[in-house]
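Take a look at the structure set out below.
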Amino acid sequence: MPQFTEREREDLKLLQSLILAIRRFLSWVVLDSRAIPEDMRTAFNAVLWVAIARLENAVMALGQINDTDSDSWKKLDDAGLIGEALRLKGDLWKLVTTGASAQLSPSARSSRVPTGRVKGFLDRVLEPVFKLINSILGSLAGAFPPLELVKEYKDGVELAVEFQDQGERPNGSIYNL
C-alpha cells in the first residue's frame, strides 16, 4: 500500500475544499441570492438539502482514502481529480470566484461580451462559476456516482437563474463564500 506523498495529501484537501465551496455556492444561490424565482424556492430548498448531504458524504469518503492503491483514488486519477489537473481546477476556481477577471484591461473585458446584449451580473460572474462546477461535478460523479444528482441539481439551479436573470447583482457576495 503506497502511502500518500505530501502533495497527494494536499490534493485530497484541495478536492475536499472545492466540494465544500460548491456546497457553499449552491447554498448561497438558492438561499441568499434571490436569483431563484420566488415561486420555485420551496422546491429548490427541499432538494438542496439532499445535494448538500451528498456533497458532504463525498468529502467524508475522500477523508477515508488511505493510499494510492485505493479504488477511489484510482477513480479520482481517471477523472482528472488529482495532480496537475486538479490544481488547475483549483486555480480556475480562484480565478472565477475572486473577481480576478475585474483586473482585465477595459479592452479585454469588452471583447469578452458578445455584441447585441449587455451582460448582467448573473452572466458575467455566475456563468463561469456554473461552468467550472459542471466540470468538477462531472468528474466527481464518475468517481462518486451519487454526485450525479448534485450535478443535475446544479443544472436546474443554473436554468432557474438564467430564467430569473434581470442583470442585477443579488444580495450577498459570491466573493466571501
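In this structure, is ILE22 in contact with a Ser or Thr (Cβ under 7 Å, 6 or more places away or on another chain) and not polar (S, T, N, Q)?
Values: in contact with a Ser or Thr (Cβ under 7 Å, 6 or more places away or on another chain): no; not polar (S, T, N, Q): yes.
The answer is no for ILE22.
Results for (1) closer than 27 Å to GLY156 by Cα; (2) modelled with pLDDT under 95; (3) assigned to a loop (DSSP other than H, G, I, E, B); (4) touching a Gly at 6+ places or on another chain (Cβ under 6 Å), shown as yes or no for each residue.
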residue: SER17; (1), (2), (3), (4): yes, no, no, no
residue: ILE22; (1), (2), (3), (4): yes, no, no, no
residue: ARG41; (1), (2), (3), (4): yes, yes, no, no
residue: ILE52; (1), (2), (3), (4): yes, no, no, no
residue: LEU95; (1), (2), (3), (4): yes, yes, no, no
residue: VAL118; (1), (2), (3), (4): yes, yes, yes, no
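What is the one condition in (1) modelled with pLDDT under 90; (2) within 17 Å of LEU140 (Cβ to Cβ) that LYS89 does not satisfy?
LYS89 satisfies all of (1) modelled with pLDDT under 90; (2) within 17 Å of LEU140 (Cβ to Cβ) except (1).
May I ask you to list pairs of residues, at least six apart or on different chains, whose Cβ atoms are under 7 Å apart, with the first in the range 19-45 being on the phi < 0 side of the Ramachandran plot and the second being hydrophobic (A, V, I, L, M, F, W, C) and loosely packed, with under 14 Cβ neighbours inside 10 Å?
From the range 19-45, the pairs are PRO37/PHE163.
In the range 12-59, what residues are β-branched (Val, Ile, Thr) and surrounded by 14 or more Cβ atoms within 10 Å (Cβ to Cβ)? Please lay out each step first, then the result.
To start, the set of residues in the range 12-59 that are β-branched (Val, Ile, Thr) comprises 19, 22, 29-30, 36, 42, 47, 50, 52, 59.
Selection gives ILE19, ILE22, VAL29, VAL30, ILE36, VAL47, ILE52, VAL59.
Return only the number of the condition from (1) part of a loop (DSSP other than H, G, I, E, B); (2) in contact with a helix residue (DSSP H, G or I) (Cβ under 6 Å, 6 or more places away or on another chain) that GLN3 does not satisfy.
(2)
Here are some conditions: (1) closer than 20 Å to TRP93 by Cβ; (2) modelled with pLDDT of 95 or more. MET60 meets all but one. Which one does it not meet?
(1)
Would you point out which residue out of ALA108, ALA160 is among the small types (Gly, Ala, Ser), modelled with pLDDT of 60 or more and farther than 24 Å from ALA58 by Cα? Walk me through it before giving the result.
Values: ALA108 fails: modelled with pLDDT of 60 or more.
Of the residues listed, the single one that is among the small types (Gly, Ala, Ser), modelled with pLDDT of 60 or more and farther than 24 Å from ALA58 by Cα is ALA160.
Let's see how each residue does on (1) under 16 Å from the mean Cα position of the chain (by Cα); (2) hydrophobic (A, V, I, L, M, F, W, C):
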residue	(1), (2)
ARG7	no, no
ALA61	no, yes
TRP73	no, yes
LEU81	yes, yes
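Residue check: is ILE65 touching a Ser or Thr at 6+ places or on another chain (Cβ under 7 Å) and in contact (Cβ under 8 Å) with a residue 24 or more places away in the chain? Can you show your working first?
On the way: touching a Ser or Thr at 6+ places or on another chain (Cβ under 7 Å): yes; in contact (Cβ under 8 Å) with a residue 24 or more places away in the chain: yes.
Yes.
The values are calculated or read from the model by the stated rules, or taken from the named source; none is laboratory data. Computed from a predicted structure; not experimentally measured. For neighbour counting, all protein chains shown are included, and Cβ atoms are generated from backbone atoms with ideal geometry for every residue, glycine included.
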